[in-house]
1. Give the value in nm², to one decimal: projected area of the alpha carbon convex hull of segment 198-240, averaged over all directions.
2. Sorted by accessible area (1.4 Å probe), largest first, how do Thr182, Thr74 line up?
3. How would Ile49, Ile68, Ile111, Ile160 rank on accessible area, largest to smallest, probe 1.4 Å?
4. In whole Å, largest first, what are the principal axis extents of the Cα atoms in segment 159-232?
5. Would you tell me the accessible area of Glu239, worked out with a 1.4 angstrom probe on the heavy atoms of the protein chains, in Å² to the nearest 10?
Amino acid sequence: MALGRPRTFNDKDIDQELPSGVDDRDIYDSTDRPCSPCGGGLSAMFAPISYARLCRILSGVLSDIYSIQSMSMTERLAHTTRYMKELKAWRMEMSSFLDHNSLKAAPLILIYQRQKNVLNLAYWHTVILTNRPLLLTNFARLTNSTRSRQLGESERRAHIDESISDCLHAAMEIAGIVDMMTQAKQLLRAFWFTPYFAFSASVILYVYTIQHSKEPDDVYRPYYAAAERCQRQIMAVAEEGSLTSRYCVVLEELRAEAVRQIALAESAENQSTQPYSTIDTRSRDVDAFTSNVDNVTAEFEFTSPDLVAIGQVDNLQVSPVNSLEDLTGWGQFDSMVSPR
């Protein structure tokens, strides 16, 4: 719903078939009869049609997973499972194109390179949207492990871990595509949605780093490094005062917090090896960590995002929240880049 008004058309109300995957020049032959593409070549319409199919899945994700209505963890997991199944089926049909390895075959011509990048970015971003609400369950466990056990978290742990893994993998894929585009000098200022995808992916990677900063270095370091690189690359193409520049401001705040939490963890670890360290000292470190996480991630509360297309920035109202346990959405990060 936008500005209190329901959408005039919803996907379920549209019965229009998608167009055929045939280029204009292939529609008619010399006798004005419809014909098929010659030689089985790839049509330029292949990507737009595939994108439209992906948008249909995204529409369901936004309607169900980001519904304004509250839902139980069981319902959220069911929605996540359903849409991940649909997304994986979509990609399986697209694998020969999306997983094309330019190093082992002739490089794609420019239009197909761009289509491949757009579809890959859009796919991995949709995977992030599908799974990222469950990443915040880690914060709830940090603040109230007893309540989590009472809700039967142990029985759902494997499912949640798989979802978090899918979310992290998607974020790393986006960071990799941005890096590839940067190296090929294909990351241009005109591609406004690519920095948004990069921003969303980097937020995931920084949040995961903050969550796991007390664990061994190899648990979070690859994700932190990828986020930092991705942030640096989109910063290089950001014009002053642009939306991309605001993405970078938010990412810098998260990066600084990740660095601070890593330093706190290292300091606590060093103190634990000292002969006079005490349990009380370590408890104060944990309290400081939890309090700071409150300051960073619980400053805002989101209302349901009203996205109607891949890459649209959430336009949200925000208000303070009391605890991380009640935080189940990501709208605050997008809201932070909107003009106030």
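1. Working: hull surface 12.1 nm².
The Cα convex hull of segment 198-240, projected and averaged over all directions, gives 3.0 nm².
2. Heavy-atom accessible area, descending, gives Thr74, Thr182.
3. I get Ile68, Ile111, Ile49, Ile160, largest accessible area first.
4. 38, 25, 15 Å, listed from the longest principal axis down.
5. Approximately 100 Å² for this residue.
The values are calculated or read from the model by the stated rules, or taken from the named source; none is laboratory data. The model shown is predicted, which means the values in this text are computed figures rather than measured ones. To get the accessible areas, we keep the full protein, side chains included, count just its heavy atoms, and leave off ligands, DNA and RNA. Shrake-Rupley method; radii C 1.70, N 1.55, O 1.52, S 1.80 Å.
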